[in-house]
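Colleague: Dumping the structure here so I can ask a few things about it.
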Amino acid sequence: MTDLLVRLFIKNSNDVKNPSVRGRYGTLSGCVGIVLNVCLFTVKLIAGLITGAISVTADAFNNLSDAGSSVVTMLGLRLAEKPADEDHPFGHGRIEYVTGLIISFIILLLGFELLATSVEQLWAPQETVFSLFSVIVGTLAVLIKIWMFFFYKKLAKKIDSPPMAASAADSLSDAAATGAVTVGLIIFRLTDINLDAYLGAAVALFIMYSGFKTAKDSLSPLLGRKPDPEFVEKIKEIVMQGEGILGLHDLIIHDYGPGRCIVSLHAEVPANGDLLKMHDAVDRVEMQLKSQLKCEATIHMDPIQTDDETVNRLRKMTEEAVRSVDPRLSIHDFRIVSGVTHTNLIFDVTAPFDPKLTDAQITSSIRGSIRDRAPDCLAVMRVERPYI
């Protein structure tokens, strides 16, 4: 069903990096969410008025808020497709992440209100009336919400959209909430035990947990999360295919919304190579990154000596000394400065984010390891943490 809707309403649906295509995905998901949630709100409100169950009525208004969330998702994806302008030179793609965060807050607010209502009813229970109509409505609503969960989840995975992922989580929460309320009505009919308030509280906690999780997922890209490893590998593959490029380091990826990223890196090139040819090769790599991965790239050339026997020997020795301290450490930008009494080994060390491994400890350990191997060498290093 989802694939059919996508084929019918979204042109060039596979071009998910295109902001206008993403906007159409947002319109589709928003319209589906608005129509279904408004219908669910209407029939659940009628069922709530018939039974007098606070959990049924609260569940109805939960669906009404979901319709509002669908509007937010649709508007967010539409606003995100706005092109770059003078005030926002990197575009408006991060509005998607903000939209996901807004939906998460709506989920949390509804969960809190439902919890407060349920706790209040524990102290002052209200009379509940069993209704077969309410059970039928609840069962159909669960099935619809489960379908909406898979619908949103598939779209979210297709275009990597936090708002749709939040909507998927919300739909699953709604299915659990409605299911619990329906089970409560059945238990009341069979045993005359009213679990309305208890089930409402349990559902509220589940909804709040879902809201917290989606808020965390939406906030992560705004704070600057670690990039997708598969995307990183694609960048490395394209760069290493560049003519004359021997290696790369200091790769940084700035995320300005799905399909909008800025990449910077250092490419290692032979120090004795033709400068104009190497510059042309780097330019071609930048253009390939833009055409194949839709990202703006800036590449800094780092010349390294490859034909000096002394440099190669000392580099190999230094790499062994660094790995002996911690196998996760690596070096780059290696060069030497020879003096009368000693030789300076100058390089950068890339170390993992490890609170037990401070810069001072790394520096001291590496210097000691190099001193043991080459007493006439002094390590001059800078410790940095990876961005990928």
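Every number in this text was worked out from the coordinates using simple rules, so none of it is lab data. All of these numbers come straight from a predicted model, not from anything done at the bench. Note that each Cβ is placed from the backbone with ideal geometry, even for glycine, and that neighbours are counted across all protein chains shown.
Colleague: Among GLN305, MET381, VAL21, whose Cα sits farthest toward the positive end of the charge dipole of the chain (+1 at Cβ of Lys/Arg, -1 at Cβ of Asp/Glu, about the Cα centre)?
Modeller: In the chain, that residue is VAL21.
Colleague: Okay, helix-only estimate at 222 nm for the chain: each DSSP H run of n ≥ 4 adds -39500 (n - 2.57), divide by all residues, round to 500 deg cm²/dmol; what do you get? Before the final figure, lay out the partial values.
Modeller: Working: 11 runs with 246 residues, N = 388.
That comes out to -22000 deg cm²/dmol.
Colleague: With an 8 Å cut-off on Cα pairs and a minimum separation of 6 or more residues, tell me the relative contact order of the chain in percent. Intermediate results must be reported in sequence, preceding the final value.
Modeller: On the way: 637 pairs, mean separation 50.3, N = 388.
Value for the chain: 13 percent.
Colleague: On to the next question. When the gyration tensor of the range 308-388 is built from Cα positions, what are the square roots of 5 times its three eigenvalues, in whole Å, from largest to smallest? If you can, show how the numbers build up before the last one.
Modeller: Values: eigenvalues 95, 33, 23 Å².
Gyration-tensor ellipsoid for the range 308-388: 22, 13, 11 Å.
Colleague: Can you give the angle from 0 to 90° between the axis of helix 162-191 and the longest principal axis of the chain, with both taken from C-alpha atoms, to the nearest 10?
Modeller: 30
Colleague: Tell me, what is the percent relative contact order of the range 2-223, built from C-alpha pairs under 8 Å that lie six or more residues apart?
Modeller: On the way: 351 pairs, mean separation 55.0, N = 222.
Taking the mean separation of contacting Cα pairs over the length of the range 2-223, I get 25 percent.
Colleague: Taking the Cα centre as origin and putting +1 on Lys and Arg beta-carbons and -1 on Asp and Glu beta-carbons, what dipole magnitude results for the range 172-267, to the nearest 20 debye?
Modeller: Details: 8 positive and 11 negative charges, 36 e Å.
Computed about the Cα centre, the dipole is about 180 debye.
Colleague: Work out how far the C-alpha atoms of the range 40-149 reach from end to end along every principal axis, then list the three figures in whole Å, largest first.
Modeller: Result, largest extent first: 61, 30, 18 Å.
Colleague: Taking a ≥ b ≥ c as the square roots of the Cα gyration tensor eigenvalues, with a/c under 1.5 meaning rounded and otherwise prolate when a/b beats b/c, else oblate, which class fits the range 218-374? Don't skip to the end; give the middle numbers.
Modeller: Values: a/c = 2.99, a/b = 1.35, b/c = 2.21.
Oblate, because a/c is 1.5 or more while a/b does not exceed b/c.
Colleague: Of SER167, GLY111, PHE188, which is farthest along the charge dipole of the range 2-223 in the positive direction, counting Lys and Arg as +1 and Asp and Glu as -1 at C-beta?
Modeller: SER167
Colleague: Rounded to the nearest 20 Debye, what is the dipole magnitude of the chain about its Cα centre when Lys and Arg each give +1 and Asp and Glu each give -1 at the C-beta?
Modeller: Details: 38 positive and 45 negative charges, 149 e Å.
In debye, rounded to 20, the chain gives about 720.
Colleague: Enumerate the aspartates and glutamates that LYS17 could reach by cross-link, defined here as Cα to Cα under 17 Å, with residues fewer than 8 away along the same chain left out.
Modeller: Excluding near neighbours in sequence, the set is GLU81, GLU96, ASP160, ASP228, GLU230, ASP255, GLU296.
Colleague: If you look at just the Cα atoms of the chain, how large are its Rg and its Dmax in Å?
Modeller: 29.1, 96
Colleague: Further, regarding this structure: Against the empirical 2.2 N^0.38 Å scaling, what ratio does the C-alpha Rg of the range 2-223 come to? Display every interim value, and only then the final one.
Modeller: Numbers: Rg = 18.6 Å, N = 222, 2.2 N^0.38 = 17.1 Å.
Against the empirical 2.2 N^0.38 Å value, I get 1.09 for the range 2-223.
Colleague: Continuing with this model, one more query. Any idea which of ILE144, GLY179, PHE130 is furthest toward the positive side of the dipole for the range 112-184, if Lys and Arg beta-carbons carry +1 and Asp and Glu beta-carbons -1?
Modeller: ILE144
Colleague: Here is a further query. Of the cross-linked pairs LYS158/LYS294; LYS44/LYS157; LYS236/LYS356; LYS213/LYS290, which ones have a Cα-Cα span greater than 24 Å in the structure shown?
Modeller: Working: LYS158/LYS294 17 Å; LYS44/LYS157 30 Å; LYS236/LYS356 29 Å; LYS213/LYS290 33 Å.
Where the Cα-Cα span goes over 24 Å, the pairs concerned are LYS44/LYS157; LYS236/LYS356; LYS213/LYS290.
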